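A short worksheet on the structure shown next.
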Amino acid sequence: MPPSSALPVIAVLCEHATDRPPGLDDLPVGFRYCAADGLAAAVRGAQALMLWDYFSKAVRDVWADAGSLEWIHVTAAGVDTLLFDELRDSAVVVTNAHGVFDRPIAEYVLGAVIAHAKDSLRSFDLQRGHEWQHRETRSILGAKALVVGTGAIGRETARLLRAAGLEVRGAGRVARSGDPDFGEIVASGDLSAQVGWADHVVLAAPLTDATRGLVDAEVFAAMRPGTHIVNVARGPIVDETALLAALATGRIAATLDVFDSEPLPAGHPLWDAPNATITAHMSGDVIGWRDTLAAQFAANVRRWLAGEPLLNVVDKKLGYIPTGDR
């Protein structure tokens with residue numbers, strides 16, 4: 001923090017000059033709003049940085065100008081696009097939007113599970129063709145879901161799926177039994193030996209060196225025919241080439257909210273892959289989410305100004321907020 005006689009300065013990186021977080025004007029700090037091309041100037045002398053443009057990688061490019069920073073806040077649950085070696089090794093504290101997206105993403109997953117069970121994708125196709133085709137669909141009661149990622153989002157997802165009548169297991173770094181939300185947690189490093197149990201495989205893990213490419217051709221081959229995979233984590237957790245090959249065989253279905261390249265290029269083969277539902281990285285973005293993100297940041301700014309410990313501090317080496325259940 002600067003001396004009490006000086007006004008603290010917080011740089012705010014926005015995607016566009018007009019896209020600013022709401023509700024921050026009453027905070028006793030000096031805000032410097034900028035887009036990526038103005039970030040170097042904005043961080044010089046600033047004590048904190050808010051990444052309202054939460055997927056930007058611009059911090060790495062201006063790190064030489066950011067020597068006064070003591071705190072960076074990312075308005076997203078994942079921090080993989082921010083972290084780089086110099087930041088990890090620095091004393092700068094990183095916080096994230098832990099908690100904001102848990103329930104909305106869990107609702108998205110439940111909706112995807114129900115839509116798959118009720119064959120909604122086929123129904124939409126039939127409707128567009130004005131074709132009446134009666135058929136039977138599945139119940140989700142008793143279906144099995146393996147949730148890969150045992151953090152807050154994975155736990156909220158597990159609780160909601162259990163409440164809807166599914167049998168749920170988790171996959172995390174360490175296998176164990178008796179978990180209050182998952183019951184049994186299997187080792188994610190042994191995923192190919194575990195996915196055959198599941199009707200639905202939900203990816204909700206952070207993107208780290210350990211999870212990049214985690215769902216590969218071997219894992220897809222181990223899935224039972226008809227398995228439905230839901231990715232609300234990060235695109236690179238899945239080997240997209242292996243995913244496309246698995247979809248082409250008709251053995252699996254997929255609901256995908258995240259991709260290696262975003263926006264998903266117009267000519268990408270996933271758009272037309274059989275049994276694939278594509279959404280635009282929106283699983284956690286319910287009406288009012290920007291207000292919630294800004295309010296969460298404002299609460300942390302008040303703690304920062306008061307010299308209180310910040311909430312949602314990320315372990316920069318791990319790439320996520322460590323909790324006791326990990």
On the basis of being free of Cβ contacts under 8 Å to residues at least 12 places away in the same chain and outside any loop (DSSP other than H, G, I, E, B), does Asp37 make the cut? yes
From Gly213, Gly235, Gly307, Gly267, which residue is under 18 Å from Ile105 (Cβ atoms), modelled with pLDDT of 95 or more and not β-branched (Val, Ile, Thr)? Gly235
In the stretch 135-159, which residue that is in a loop (DSSP other than H, G, I, E, B) and among the β-branched types (Val, Ile, Thr) is farthest from the chain's Cα centre (by Cα)? Thr137
Filtering helices (runs of 4 or more DSSP H) wholly in the stretch 47-132 for at least 1 residues that are assigned by TED's automatic domain parsing to the domain that holds Arg162, more than 16 Å from the chain's Cα centre (by Cα) and over 30 Å from Ile10 (Cβ atoms) gives 102-117, 120-128
Evaluate the following for Val29: is it under 22 Å from Arg303 (Cβ atoms), at pLDDT 95 or above and surrounded by 20 or more Cβ atoms within 10 Å (Cβ to Cβ)? no
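Out of all the residues in the stretch 243-255, is one or more under 30 Å from Leu49 (Cα atoms), in the same structural domain as Val109 (by TED's automatic domain parsing) and under 16 Å from the mean Cα position of the chain (by Cα)? Give the derivation first.
Here is the first cut: in the stretch 243-255, the ones under 30 Å from Leu49 (Cα atoms) are none.
Scanning the stretch 243-255, I find no residue that is under 30 Å from Leu49 (Cα atoms), in the same structural domain as Val109 (by TED's automatic domain parsing) and under 16 Å from the mean Cα position of the chain (by Cα), so the answer is no.
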Would you call Ala266 out of contact with any Phe, Trp or Tyr (no Cβ under 9 Å at 6 or more places or on another chain), of a type outside the set (S, T, N, Q), assigned by TED's automatic domain parsing to the domain that holds Asp119 and exposed (fewer than 15 other Cβ atoms within 10 Å of the Cβ)? yes
Look at Ala97 and say whether it is touching a helix residue (DSSP H, G or I) at 6+ places or on another chain (Cβ under 7 Å) and buried (at least 19 other Cβ atoms within 10 Å of the Cβ). yes
Suppose we filter Ser120, Ser68, Ser139 for residues that are farther than 30 Å from Met50 by Cα and in contact (Cβ under 8 Å) with a residue 12 or more places away in the chain; which single one remains? Ser139
Pairs needed: first member in the stretch 260-274, under 21 Å from Asp80 (Cβ atoms); second member anywhere, at pLDDT below 95; C-beta distance under 8 Å; at least 6 residues apart or different chains. Glu262/Phe55
Failed condition for Glu184, given (1) under 24 Å from Met282 (Cβ atoms); (2) among the acidic types (Asp, Glu); (3) not in a helix (DSSP H, G or I): (1)
Can you report the number of residues in the stretch 244-257 which are closer than 22 Å to Gly172 by Cβ and surrounded by fewer than 22 Cβ atoms within 10 Å (Cβ to Cβ)? 0
For the stretch 100-134, enumerate the residues that are surrounded by fewer than 14 Cβ atoms within 10 Å (Cβ to Cβ) and acidic (Asp, Glu). Asp125, Glu131
Residues that are of a type in the set (S, T, N, Q) and surrounded by fewer than 19 Cβ atoms within 10 Å (Cβ to Cβ): does the stretch 46-62 have at least one? no
Condition set outside any strand (DSSP E or B) and in contact with a Ser or Thr (Cβ under 8 Å, 6 or more places away or on another chain), scope the stretch 307-326, selection surrounded by the most Cβ atoms within 10 Å (Cβ to Cβ): answer is Val314
Kindly indicate which of Val195, Val219 is crowded, with 22+ Cβ neighbours inside 10 Å, within 23 Å of Ala115 (Cα to Cα) and over 19 Å from the mean Cα position of the chain (by Cα). Val195
What single numbered condition from (1) at pLDDT 95 or above; (2) touching a Leu at 6+ places or on another chain (Cβ under 9 Å) fails to hold for Arg326? (1)
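Just to be sure before I move on: is Leu166 out of contact with any His (no Cβ under 7 Å at 6 or more places or on another chain) and within 27 Å of Gly189 (Cβ to Cβ) in the structure I sent? Steps first, please.
Working: out of contact with any His (no Cβ under 7 Å at 6 or more places or on another chain): yes; within 27 Å of Gly189 (Cβ to Cβ): yes.
Criteria met by Leu166.
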Which residues, taken from the stretch 222-243, are buried (at least 17 other Cβ atoms within 10 Å of the Cβ) and among the hydrophobic types (A, V, I, L, M, F, W, C)? Met223, Ile229, Val230, Val232, Ala233, Ile237, Val238, Ala242, Leu243
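The values are calculated or read from the model by the stated rules, or taken from the named source; none is laboratory data. Because the structure is predicted, anything quoted here is derived from the model rather than measured. Using ideal geometry, Cβ is built from the backbone for each residue, glycine included, and neighbour counts are taken over all protein chains shown.
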